Amino acid sequence: MDLNLIKEIVILCMFLIVLFCVLLPLKFTSTAHESGVDLYHSDRYAAVVSILNCFAAGIFLGTCLLHLFPDVRDSVGQAMQIVDPDQKFPFAEFTIAMGFFFLLTIEQIISDSRERDFRVLSSERQPILGDESGGVIADDTPSEIVNHGQNATIRAFAMIFALSIHSTFEGIAIGVQSTVENVLQITGALIIHKIVIAFSLGLTLSQSPLRPVKAGICGLIFALTSPLGIAIGLWITHLESLNGSLVVGSLQGMAAGTFLYVTFLEVLPHEFRSGHLHLPKLLSLLIGFAVICGVIFMFPD
């Protein structure tokens, strides 16, 4: 069968599969809300969502440590060998740290800006909020709520950005293959990997403050990235040049740093701060990590 035809079929199949897996959690959440069920304030559903969050964290952690890190080292290492073979500076790890600090800086700048806005608003409302003895009733709750919602939105967009970069380059890896056998082998491994990644992203979007339509558009954008990468790969003969290796490695490193930030500073502290379901959450986290371990073990290439 014609190689280009196979790649075009792969483009369509991967798009439909990823889009379905991203939209499934969004549809489930929307249906629950329409039926009057508050998933995030009902004890039963909140427990399920927390456990699934930990599963997603395990997926992202495994993707970062076992998949992105090696890719970053390979891409950056190839480029640095050309630039300066004796260079000892850990440039690959540096790009990962930059991704971590980039997201941390953005969230802290916006949080600080929001805090200032609410301090001004609170000072203007002091006469209204004063109690009978002339004191002022402290009310920091609105600020906390808005900051939490703003940060959740940033995290959702950051995850889409990071996953989209990685997904595009995965697609390029398929597009540049020269045999049908290689295309099918890589595609099979990527589909298994992307099913769990897409579901985890859909779960993150379903809990963000984004409206369902905007969340669906974000899912659509992510679903298009692998097909876009495959299409680009059809016109690329190689990515082993100095510039190509540096660009791929740097973007992959930024994506890995984003995964680390979201996993260790956002998802896990939030989920393990509550006083219940610690062991089920831990088990779910380990299962998520084990899924990625299994996929990479079975499909190391």
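The values are calculated or read from the model by the stated rules, or taken from the named source; none is laboratory data. In this text the structure is predicted, and so the values were computed from the model without any measurement. Cβ: placed from backbone, ideal geometry, glycine included. Neighbour counts: every protein chain shown. In case anyone asks, the SASA skips ligands and DNA or RNA and just uses the protein heavy atoms, side chains included. Shrake-Rupley method; radii C 1.70, N 1.55, O 1.52, S 1.80 Å.
Taken together, the residues in the range 72-92 that are open to solvent by 70 Å² or more (accessible area, probe 1.4 Å) and assigned to a helix (DSSP H, G or I) amount to 6. Of the residues I96, I109, the single one that is at pLDDT 70 or above and touching a Cys at 6+ places or on another chain (Cβ under 9 Å) is I96. Across the range 198-207, not a single residue is classified as outside any helix (DSSP H, G or I) and modelled with pLDDT under 70.
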